[in-house]
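Quick notes on the structure that follows.
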Amino acid sequence: MTDQSVFVLGGGLHALEPAVFETEAEFQELLARHPRVLDFGSLADGRPLRLVLVAREMGVPTSAESGPTYRLDHLFVDADGIPTLVEVKRASDTRIRREVVGQMLDYAANGARYWPAALLQRSFEETCAADGRTPDDAYRDLLGDRSPEEFWSAVEERLTAGQMRLLFVADRIPVELRAIVEFLNRQLRQTDVYAVELTQYRGDGDLRVLVPRIHGEVATAAKSPTGRRVAQRSTRADLDAAIAARLAPETGRIATALLDHAAAEGRLEGGTARYPSMSVYYPVRGRQVPVWTLSLYEGPAKEELAFSFGSITHHLGPAGTAAFAAALPAVPALEKKLAAQSEKGYRGWPSVPLADLAADPTALDAILAAIRQLMNDPSAHV
């Protein structure tokens, strides 16, 4: 690449000169505010790709028990639910050549393992709030006819299956990094890898031109669509085996009773995460509505039941969700979250550890009664 000027015509000829990004923070802020500079390609239905920021400095744990060990520069997502991981480096940073590759693969491997749907949804909505946007505005182009919980569950499934984009963004992409990107793209069937060279030109005043150049598209285009593997969903047998091996007897009894009730009255759908999980849909006013998800995370005391308030509200309205919440058991770990949901319009995913339910002898019956009430409530509107 040369350092030749570019010229803009409009009320005269304006010369713009190549200009470096003064700091990496400036570079990162630019991408967070203007992700369209990374919008190359299209969605599955042919619509233009429009990346939406989930979070800057997204925490990346390396175990189920740890907090964030690393920080990814940016996490974006598109309307197909495909996550895009972005690492930003200036050309003056020597790590842009090789070290950044290992760093990104660390983020991708651990994000796929330890970014559950609820965390992604919370991170996105916190980012919206910090930017002064309402969730409704932010979700308008993402959801279609899905609820937020359904969308983020799809994103989690994409991550678990390795269906993601990895973007290395710099003002200059060295030859060594381009070679690695092209090699990874030829080898990885589920994950697309790109290097984006973003050159900046500045003129008088605030006039700027940004010129992105994409590396890795040829190798991506050569991939066979049939080479993509389908993520394996958890089966009832997987959950039964995990319950028998890992849960205390009373906790296991509650998990089994919930699954038995779901098999008899609703529809079970296995998750695609690395840990065993199962979501349950119940028939409510002629619709199959996702009501709860049972997740058996790795590590001690990690089994939890989460209620899909966002989906219930999406299908039935806040009144139906409020009635359902009021009928749930008065377990302290759950009550606080239910109170917070009331203030937020019942759009979250309140969860309760199975061990807390096991400690209350009335909890299981209360949950099953609340589900029956939800299924038979004539006041729930569509």
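Coordinate-derived values only; no laboratory data. None of the values given here were measured: they were computed from a predicted structure. Positions of Cβ are generated from backbone atoms using ideal geometry, with glycine treated the same way; all protein chains shown enter the neighbour counts.
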FRET efficiency for THR134 and ALA330, using Cβ-Cβ distance with R0 set to 41 Å, rounded to 0.05: 0.80
Cβ-based net charge around HIS14, under 14 Å, with every Lys or Arg adding one and every Asp or Glu removing one: -1
Packing-based exposure ordering (other Cβ within 10 Å, fewest first) of PHE183, PHE151, PHE307, PHE168: PHE183, PHE151, PHE168, PHE307
Theoretical FRET efficiency, 1/(1+(r/R0)^6), r = Cβ-Cβ of ALA44 and ASP93, R0 45 Å, to 0.05: 0.80
Tilt relative to the chain, helix 148-161 - C-alpha long axis, 0 to 90 degrees, to 10: 70 degrees
Percent RCO, i.e. relative contact order, over the chain, from Cα pairs under 8 Å lying at least 6 residues apart: 12 percent
Antiparallel content of DSSP bridges confined to region 147-213, in %, to 5: 50 percent
Estimated inter-spin distance, SER63 and ARG236, nm [label 7 Å along Cα→Cβ]: 3.6 nm
Antiparallel DSSP beta bridges within region 6-227, percent to nearest 5: 70 percent
Alpha-carbon centroids, region 118-160 and region 49-107: separation in whole Å: 18 Å
Fraction of beta bridges assigned by DSSP in the chain that are antiparallel (%, nearest 5): 80 percent
Ranking of PHE324, PHE40 by count of other Cβ atoms within 10 Å, fewest first: PHE40, PHE324
Choice from THR84, THR293, THR362 showing the highest fluctuation, given a GNM over the chain with Cα pairs closer than 10 Å: THR362
Cα gyration tensor shape for the chain, rounded if a/c is under 1.5, else prolate or oblate: prolate
Lys, Arg +1 and Asp, Glu -1 on Cβ, resulting dipole of region 236-376 about Cα centre, debye, nearest 20: 460 debye
Principal-axis tilt of helix 99-114 within the chain, Cα atoms, nearest 10 degrees: 20 degrees
Helix 318-327 axis, angle to the chain major axis (alpha carbon atoms, nearest 10°): 50 degrees
Length released on extending from GLN373 to LYS302, taking residue separation times 0.36 nm less the Cα-Cα span: 22.7 nm
Proximal aspartates and glutamates to LYS89, defined as alpha-carbon separation beneath 18 angstrom and excluding residues fewer than eight positions away on the same chain: GLU22, GLU24, GLU26, GLU29, GLU57, ASP73, GLU99, ASP106, ASP171, GLU176, GLU197
9 Å beta-carbon shell around LEU198, net charge (K/R +1, D/E -1): -1
